Amino acid sequence: MNKLAKVLLKNDNYEAINVIRSAKVPLIKLVESSTGYNFDISFNKLDGVKQIKEIRKALSYYPEMKYLTVLMKCFLKQRDLNETYTGGVGSFLLFCLILTFLREIRREYIEQDREEDIPKILLSEYVLKFMEYYANFDIANHQIIVAEGGAIVEKYVKDHQFSVISPQEATHDIGGAAFKVKEVFGVFKNRFHFLTNYNFKEGESILKYLVNADCL
């Protein structure tokens, strides 16, 4: 890990190199100089490779997911709530949350015999529905199961820890590390309340009230 970090430090293609030893999974965080993209290099874990299949499958079935994911990643990053090792909602957990939400929306529309209306849902509607969904999520009593079509189930033991069972390992709870999730869901609630009560001008976008484009 230290050897790789030293090699990267000598390479002008990367900057902001940070070795995180205290995380559950040791990693090196860095930024590609030419693009400004952030990358993580983890050690002794194959999760990232396995996750590619899950993500590609979901993106092919839910084309709206990529837009919602990019927006929410920016939203969380600009509030310092996107890093797993500091208790935020990391990339794969966010993927699981969005996938769970989109599945629930689809089920709701199908139950209401409105499946033909799903392609008509706007990104702004998805954003508002997503924030409302998790602003009201009962962390103490409910658990998210991501595998095999997904489900929201009652917890065997009631507690205040967020629980999301990995689609890859039934014994791996990826939600527990997000100890700031109540803060995240509180921000969702705040923005949902603001956006659903604000008097928008005709044609005005909600995006400027979610992310600062100058910081992207």
task = Provide the net charge surrounding Gln112, with neighbours chosen by a C-beta distance below 13 Å and charges set as Lys +1, Arg +1, Asp -1, Glu -1.
result = -4
message = Using +1 at the C-beta of Lys and Arg and -1 at the C-beta of Asp and Glu, which of Val19, Asn38, Gly176 has the Cα lying farthest in the positive direction of the dipole of the chain?
response = Val19
query = Past the 26 Å Cα-Cα mark, which pairs from Lys10/Lys53; Lys53/Lys73; Lys73/Lys180; Lys77/Lys129; Lys66/Lys158?
reply = Lys10/Lys53; Lys66/Lys158
key: Estimated dipole of the chain in Debye, rounded to 20 [Cβ of Lys and Arg +1, of Asp and Glu -1, Cα centre]   = 800 debye
task = Sort Val184, Val157, Val31 by accessible area with a 1.4 Å probe, largest first.
result = Val157, Val31, Val184
message = Is the C-alpha gyration tensor of region 73-204 telling us rounded, prolate or oblate? Criteria: a/c under 1.5 is rounded; beyond that, a/b larger than b/c is prolate, otherwise oblate.
response = oblate
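What shape does region 1-41 have by the C-alpha gyration tensor, where a ≥ b ≥ c are the square roots of the eigenvalues, rounded means a/c under 1.5, and otherwise prolate means a/b greater than b/c and oblate the rest? List each step's numbers first, then the result.
Working: a/c = 3.11, a/b = 1.46, b/c = 2.14.
Oblate is the answer for region 1-41, as a/c is 1.5 or above yet b/c matches or exceeds a/b.
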key: Residue-span extension gain [Leu122 to Phe43] - 0.36 nm each, minus C-alpha spacing   = 24.5 nm
message = Over the chain, with the other protein chains present, what is the accessible area per residue in square angstrom, probe 1.4 angstrom?
response = 62 Å²
message = As a test question: what accessible area, to the nearest 10 Å², does His142 have when a 1.4 Å probe is rolled over all protein chains in place?
response = 50 Å²
query = Probe 1.4 Å, all protein chains in place: accessible area of Ser42 in Å², nearest 10?
reply = 60 Å²
key: Unit charges on C-beta of K, R, D, E only; dipole of region 3-43, Debye   = 300 debye
inquiry  = Rounded to two decimal places and with Rh computed the Kirkwood way over Cα pairs, what is Rg over Rh for region 1-139?
reply    = 1.04
ask   = Hey, any idea what % of the chain's accessible area is carbon plus sulfur with a 1.4 Å probe?
value = 53 percent
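If you average 1/r over every pair of different alpha-carbon atoms in region 134-216 and take one over that average, what Kirkwood value in Å do you get? Walk me through the numbers before you get to the answer.
On the way: mean 1/r = 0.0662 Å⁻¹.
For region 134-216, the Kirkwood estimate is 15.1 Å.
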request  = Let me have the 222 nm mean residue ellipticity of the chain computed from DSSP H runs of 4+ only, each contributing -39500 (n - 2.57), with the sum over all residues rounded to the nearest 500.
outcome  = -13000 deg cm²/dmol
query = Distance in nm between label sites at Tyr61 and Lys3, each 7 Å beyond Cα in the beta-carbon direction?
reply = 4.2 nm
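The values are calculated or read from the model by the stated rules, or taken from the named source; none is laboratory data. Owing to the predicted nature of the structure, the values given are computational and were not obtained by experimental measurement. Virtual Cβ from ideal backbone geometry, glycine too; neighbours counted across all protein chains shown. Surface accessibility is based on the protein's heavy atoms, side chains included, excluding ligands, DNA and RNA. Shrake-Rupley method; radii C 1.70, N 1.55, O 1.52, S 1.80 Å.
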